[in-house]
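Rule-based calculations on the coordinates, nothing more; no lab input. Because the structure is a prediction, the values reported are computed rather than measured. A quick note on method: Cβ atoms are made from the backbone with ideal geometry, for glycine too, and the neighbour counts reach across all protein chains shown.
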Amino acid sequence: MLEVLTGSGLAASAGLNAYIPLLVMGLLARYTDAIALPGGWQWLGNGWVMAILAVLLVVELVADKVPVVDHVNDVVQTVVRPTAGGLAFGAGAGSETVTVTDPGEFVSTHQWVPVLVGVLIALGVHLLKSAARPVINAATAGVGAPVASTAEDATSVIVSLAAILLPVLVLVFLVGLVFFVAWFLRRRADRRRDRRAARQGHLRS
């Protein structure tokens, strides 16, 4: 169960920012004892890999905070974030952490399954983020873009750390995400209904 929570948290984090969970895993694996990456994933702790991830992260942090540019970035990230989510889930679920001491059973067979699960989780979070951002930009005339982006980045960092150090907290995030999805869908349906009613009223007049 903890392996699933660790992988799910890292994949969800990648849906918000592709590079944060990968960089968090690499840094913790290289400089602490908090996580021991499995054999096939130790490249995440390589200095050059982390340097490249850091550069890509800086580009992402800047691009995601500029209205219009953030939309273009989200289109590009439709491929990148799910891919990072698959990598994050596969590496995280197969790692030995402070709470997971025997992850081998989870990934010993069908090793492609954790990667696929991670792709789907990250893709779902990414699509939600991409759908919510235009609404935020329109409602705030673009002012909300950097605020929302900063909140997403902070959430990605917190969830990544929680997934490795205290994966039970990932449940809180996932439950919160479900409530947010329900609220967002209801809000969007209300906005569409209001626009439809306004158009009908204009036609009558």
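Scalar couplings 3J(HN,Hα) for region 121-126, obtained by applying the Karplus form with A = 6.51, B = -1.76, C = 1.60 to θ = phi - 60°, are 5, 4, 5, x, 5, 4 Hz; x denotes Gly and Pro. One chain, two ends: residue 175 and residue 48. Fully extended at 0.36 nm per residue, the span grows by 42.1 nm beyond their Cα-Cα distance. Spin-label model, residue 199/residue 186: points 7 Å from Cα along the beta carbon direction are separated by 2.5 nm. Only Lys, Arg, Asp and Glu carry charge here, each on its Cβ (+1 for the first two, -1 for the last two); on that basis the chain has a dipole of about 1480 debye about its Cα centre.
In what sequence, highest mean first, do 178-188, 132-142, 4-14 appear when ranked by Cβ atoms within 10 angstrom?
Numbers: 178-188: 11.5, 132-142: 14.6, 4-14: 29.4.
Ranked from most to least packed, the peptides come out as 4-14, 132-142, 178-188.
Between the listed residues 50, 28, 76, the Cα displaced farthest toward the positive end of the dipole of the chain, a dipole computed from Cβ unit charges relative to the Cα centre, is found at 76. Magnitude of the charge dipole for region 51-102, about its Cα centre and with charges confined to Cβ atoms of Lys, Arg (+1) and Asp, Glu (-1), is about 120 debye. If the elastic network links every pair of Cα atoms under 10 Å, which of 123, 23, 174 fluctuates the most in the Gaussian network model of the chain? Of 123, 23, 174, the most mobile in the Gaussian network model is 174. Each of 164, 184, 2 was scored by the projection of its Cα onto the charge dipole of the chain, and the greatest displacement toward the positive side belongs to 184; charges sit on the C-beta of Lys, Arg, Asp and Glu. Helix 47-63 and the longest principal axis of the Cα set of the chain meet at an angle near 10°.
Adding -39500 (n - 2.57) for every DSSP H run of four residues or longer, then dividing by how many residues the chain holds, sets the calculated 222 nm ellipticity at -27000 deg cm²/dmol.
Axis of helix 19-31 versus longest Cα principal axis of the chain: the two differ by about 20°, to the nearest ten degrees.
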